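Since the structure comes first, as structure tokens, the remarks are kept for the end.
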Amino acid sequence: MFKFSKRVPADGTDAVGAILKAAADPKIISFAGGLPAPELFPVERMKKATDKVYAEHGRQALQYGAAKGVTELRELILKRVKEKENVEASLENVMVTTGSEQAIDLVGKAFVNPGDTVLVEEPTYLCALDVFRSYGANFVSVPMDEDGMKMDALEEALKQHPETALIYTVPNFQNPTGRTMPADRRKKFAELAAKYDVPVLEDNPYGDIRFAGQHVPSVKSFDRAGKVFYMSTFSKILAPGFRLGWLVADPKVIEKLTVLKQSADLHTDNLVQYVVTEFFKENDVDAHVKEISNLYGKRKQLMIEGIKKYFPKNVKYTDPEGGMFLWVEVPGVNDTVELFKQCLEHDVAFVPGDPFYAGKAQPGTFRLNYSNMQEDQIKVGLKRLGEALTQALEHKE
């Protein structure tokens with residue numbers, strides 16, 4: 001018998017793991033995973049960049065490195081956040097992380113004590129909930145509408161919870177809903193963070209993948225008080241296997257997080273940092289991202305067409321302008337996990353909404369991923385899903 005710490009989840013709590021395992025059956029068309037399209041991974045160009053790094057920087061790339069990351073990559077990140085997000089920063093503001101997941105973990109470790117309040121969107125990214133929960137967070141969920149987190153509700157939550165340690169948000173093509181927060185709300189968001197003296201973790205893994213509408217400046221670009229920590233990743237625009245993310249924040253915050261990172265992994269993979277830096281030098285990354293966006297836009301549209309054609313008429317769904325996910329609400333369903341099992345019998349899968357809620361889940365909700373499935377599979381999968389939903393609702397009556 002082992003005595004695990006309180007941070008270790010109890011047995012049987014990995015609902016998502018069980019769902020993904022069930023959805024991995026080859027005969028099942030799965031819209032469950034949050035996976036990029038592997039056919040767009042730039043394998044040959046990345047191989048060329050890797051060969052060049054070995055030839056020109058082999059010894060440095062294979063040696064221990066700085067915890068904050070390779071300087072050339074951090075400079076590249078600074079240039080990118082200025083051009084793309086209107087974020088003015090210097091080298092002391094940026095650190096490289098082992099995937100964006102590590103950025104969430106380090107911020108949680110640095111700012112959340114057991115019993116502290118963390119404000120999150122309702123629903124929100126399930127892995128962020130897992131991280132903050134492991135540090136003993138008490139969650140307060142802030143309602144959303146079609147434009148993301150509601151600022152009046154956020155201010156009310158801040159008034160009611162002056163002890164709030166952190167606010168977590170995904171303002172672009174939110175996971176799981178696909179919603180995007182407009183600029184006026186982002187400006188208000190930054191103002192509220194300053195007014196109530198609460199740090200904000202702005203998570204932007206999908207922002208580059210826009211296939212409709214206009215770019216919206218980051219929350220960080222409106223931040224005048226240094227309260228917003230901006231994080232992103234190369235997982236969605238290059239390859240998730242690299243595990244390469246970054247964080248832009250106040251230098252004092254970066255210093256503390258660097259110490260915590262050193263005790264976690266010393267530093268992020270050196271070779272990968274050099275390779276990505278080289279890849280950016282030698283390739284038109286914006287053209288590559290446009291190719292990704294075009295494909296995902298096409299697949300999302302196919303999914304929307306399938307929903308309109310096959311789903312029961314009272315079903316609600318989001319229609320994202322970018323990213324990888326859309327969100328479905330099926331009125332009349334009381335048990336989404338049971339619905340998931342019924343859909344598996346039709347050889348199609350999704351992620352039930354329950355794990356995305358910090359508190360009481362809204363029944364009948366689920367997330368669909370459109371980035372990873374081929375077009376013919378999307379068509380067949382949506383037909384199966386529509387039949388399963390119709391059957392489930394008929395059995396209820």
(request) Check whether at least one residue in the stretch 50-65 is assigned to a helix (DSSP H, G or I), in contact with a helix residue (DSSP H, G or I) (Cβ under 7 Å, 6 or more places away or on another chain), open to solvent by less than 20 Å² (accessible area, probe 1.4 Å) and touching a residue at least 60 places away in the same chain (Cβ under 8 Å), and report yes or no. (result) yes
(request) Please verify whether the stretch 356-373 includes one or more residues that are open to solvent by 10 Å² or more (accessible area, probe 1.4 Å), in contact with a Pro (Cβ under 7 Å, 6 or more places away or on another chain), of a type outside the set (Phe, Trp, Tyr) and at pLDDT 95 or above. (result) yes
(message) Of all residues being under 25 Å from ASN294 (Cα atoms) and of a type in the set (Val, Ile, Thr) in the stretch 305-347, which is surrounded by the most Cβ atoms within 10 Å (Cβ to Cβ)? Just the residue, please.
(response) VAL328
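Condition check ((1) in contact with a Cys (Cβ under 6 Å, 6 or more places away or on another chain); (2) over 17 Å from LEU78 (Cβ atoms); (3) free of Cβ contacts under 8 Å to residues at least 12 places away in the same chain) across all residues:
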{"residue": "SER218", "(1), (2), (3)": "no, no, no"}
{"residue": "PHE222", "(1), (2), (3)": "no, yes, no"}
{"residue": "PHE229", "(1), (2), (3)": "no, no, no"}
{"residue": "LEU238", "(1), (2), (3)": "no, yes, no"}
{"residue": "GLY241", "(1), (2), (3)": "no, yes, yes"}
{"residue": "GLY245", "(1), (2), (3)": "no, no, no"}
{"residue": "VAL248", "(1), (2), (3)": "no, no, no"}
{"residue": "VAL253", "(1), (2), (3)": "no, no, no"}
(request) Residue by residue through the stretch 66-89, note down the ones that are touching a residue at least 40 places away in the same chain (Cβ under 8 Å) and not in a helix (DSSP H, G or I). (result) ALA66, ALA67, LYS68, GLY69, VAL70, ASN86, VAL87, ALA89
(message) I'd like to know if the stretch 208-227 contains one or more residues that are charged (D, E, K, R) and under 20 Å from ALA61 (Cβ atoms).
(response) no
(request) Could you pull out the residue among LEU385, LEU393, LEU368 that is closer than 23 Å to ARG179 by Cα and in a helix (DSSP H, G or I)? (result) LEU385
(request) Scan the stretch 157-180 for residues that are in contact with a Pro (Cβ under 8 Å, 6 or more places away or on another chain), free of Cβ contacts under 8 Å to residues at least 60 places away in the same chain and buried (at least 23 other Cβ atoms within 10 Å of the Cβ) and report the count. (result) 2
(request) Have a look at LYS316, LYS252, LYS256, LYS290 and point out the one that is over 19 Å from GLY34 (Cβ atoms) and under 20 Å from the mean Cα position of the chain (by Cα). (result) LYS290
(message) Give me the residue from the stretch 116-137 that is closer than 16 Å to VAL198 by Cα and charged (D, E, K, R) and, out of that set, least open to solvent (accessible area, probe 1.4 Å).
(response) GLU121
(message) Looking only at strands (runs of 3 or more DSSP E) that lie completely in the stretch 94-200, which have at least 2 residues being more than 21 Å from TRP327 (Cα to Cα) and among the polar types (S, T, N, Q)?
(response) 94-98
(request) Please identify the pairs in which a residue from the stretch 272-284 that is modelled with pLDDT of 95 or more has its Cβ atom under 6 Å from the Cβ atom of a residue that is of a type in the set (D, E, K, R), counting only partners at least 6 apart or on another chain. (result) THR277/GLU72; GLU278/LYS52; ASN283/ARG45
(message) Checking the conditions here, which among ILE307, ILE292 is in a helix (DSSP H, G or I) and in contact with a Gly (Cβ under 9 Å, 6 or more places away or on another chain)?
(response) ILE307
(message) Just to be sure I understand, how many residues within the stretch 185-201 are touching a helix residue (DSSP H, G or I) at 6+ places or on another chain (Cβ under 6 Å) and open to solvent by 50 Å² or more (accessible area, probe 1.4 Å)?
(response) 3
(request) Among the numbered conditions (1) within 22 Å of the chain's Cα centre (by Cα); (2) of a type in the set (A, V, I, L, M); (3) in a helix (DSSP H, G or I), tell me where LEU247 comes up short. (result) (3)
(message) Can you say whether GLU101 is open to solvent by 20 Å² or more (accessible area, probe 1.4 Å) and free of Cβ contacts under 8 Å to residues at least 60 places away in the same chain, as far as the supplied structure shows?
(response) no
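The values are calculated or read from the model by the stated rules, or taken from the named source; none is laboratory data. Fair warning: this is a prediction, and the values are worked out from it, not measured in the lab. As a convention, Cβ positions derive from the backbone with ideal geometry for all residues, glycine included, and neighbour counts pool all protein chains shown. To get the accessible areas, we keep the full protein, side chains included, count just its heavy atoms, and leave off ligands, DNA and RNA. Shrake-Rupley method; radii C 1.70, N 1.55, O 1.52, S 1.80 Å.
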